[in-house]
Amino acid sequence: YAMRQQWLTDAMGREYDRVGLSMCKALRVKWTRQRYTEIMLNDWPKMQGIYLQHFIGGALCLPAVLGYTDSWAANLACLGVLSEMGWEMSDMADIVITRSTAVDGKERVPDTLVMIMSIHHSMTLTLGLPLVMKYRQLRTLHLLTFNLQWAAALAISANEYCKTLDLKNQKQLWTFRIVNGICFGIMAWMRGIYWLFLCGKLHMRLYEDEEYTMMCVGVMIYTLITGFNVMLCIYPFGKKMLKFGPRSKEMGLVDMDDGEELEDTKKEGGVHLSPSNNSLMEKGDTDN
């Protein structure tokens, strides 16, 4: 379906011009504009499933987050944790299968991406089940689960929407700026300030209960996830706010789809066609 949608093809091409080339450099892959668009179109249905799963998993925590203390609310919150565990196990399985069986597996899932996703999945896959078994009634656990899942759901869904916006259109450019500004605020709070606060509360509870193994593992996981949150959740939205903000021209930045990165594409030998070219068919900066 995605491969047949011209509006989606154009959107992925524009996304390459905005942030895709930078992402390719960060992942150390040499995808041309056409190759990037093909890969991201293939992954587009998966991206819709990812943010829907995160919305549902976070919603399961809502009764407990809103203050219900009955066992059913805690059970639903724990189901939210297990839902995230299920998704992350399936994603790691998908990575392993793609890398080991697909002809272009190593190109599609490069080493850098494997490392990033391993860090991203580390908390739930190591601490998820022990915490559910020991602390199913703990409000901090419910808040952490809700916090992480809904922050990711909001960021991914907003990013998917922003891909469809044509930044040469002034109205859509302002929509892009507003959505990115809101997402930056959400991520700075939910994946930054409030995340650190909840980690501190959980750490103190583990210390009080003398759960030293979980506490030591937790310290390593908190550190890794905090780095992930800053570099891949908060920073990308801040960078886009600057690059495409109202003062981007004054600051020497670019606020349209076919800016400075296209010149880099030509220099590196990548395929460059204008965003309006219909002969071409992203994971932008974000994920969970």
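Per-residue 3J(HN,Hα) values for the range 49-55, derived from phi via the Karplus relation 6.51 cos²θ - 1.76 cosθ + 1.60 with θ = phi - 60°, read x, 5, 6, 5, 4, 5, 4 Hz in sequence order (x marks Gly and Pro).
Every pair of different Cα atoms in the chain enters the Kirkwood calculation, which places the hydrodynamic radius at 20.1 Å. With point charges of +1 on the Cβ of Lys and Arg and -1 on the Cβ of Asp and Glu, referenced to the Cα centre of the chain, which listed residue (G105, V179, V230) lies farthest in the positive direction of the dipole? Projecting each Cα onto the dipole axis, the largest value belongs to V179. Of the solvent-accessible surface of the range 173-219, computed with a 1.4 Å probe over protein heavy atoms with every protein chain present, carbon and sulfur atoms account for 71 percent. The fraction of accessible area contributed by carbon and sulfur in the range 32-105 is 67 percent, rounded to a whole number (1.4 Å probe; ligands and nucleic acids excluded).
Here the Karplus relation 6.51 cos²θ - 1.76 cosθ + 1.60, evaluated at θ = phi - 60°, turns the backbone of the range 206-219 into coupling constants of 5, 5, 5, 8, 6, 8, 6, 5, 4, 5, 5, 4, x, 4 Hz, with x for every Gly and Pro. With +1 on each Lys and Arg Cβ and -1 on each Asp and Glu Cβ, and nothing else charged, work out how big the dipole of the chain is about its Cα centre, in Debye to the nearest 20. Taking the Cα centre of the chain as origin, the dipole is about 360 debye. Accessible area per residue for the chain is 48 Å², calculated with a 1.4 Å probe on protein heavy atoms, without ligands, DNA or RNA. May I ask which of K25/K171; K30/K171; K168/K239; K46/K171 have a Cα-Cα span longer than 27 Å here? Too far apart for the 27 Å limit: K25/K171; K30/K171; K46/K171. Sites listed here are GluC sites (Glu not before Pro) in the range 1-92 whose DSSP assignment is loop and whose Cβ has at most 16 other Cβ atoms within 10 Å, and the list is empty.
The values are calculated or read from the model by the stated rules, or taken from the named source; none is laboratory data. Since the model is a prediction, treat every value here as computed from it, not as a measurement. We place every Cβ from the backbone using ideal geometry, glycine too, and count neighbours over all the protein chains shown. Remember, those area values only see protein heavy atoms, side chains included, never the ligands or the DNA or RNA. Shrake-Rupley method; radii C 1.70, N 1.55, O 1.52, S 1.80 Å.
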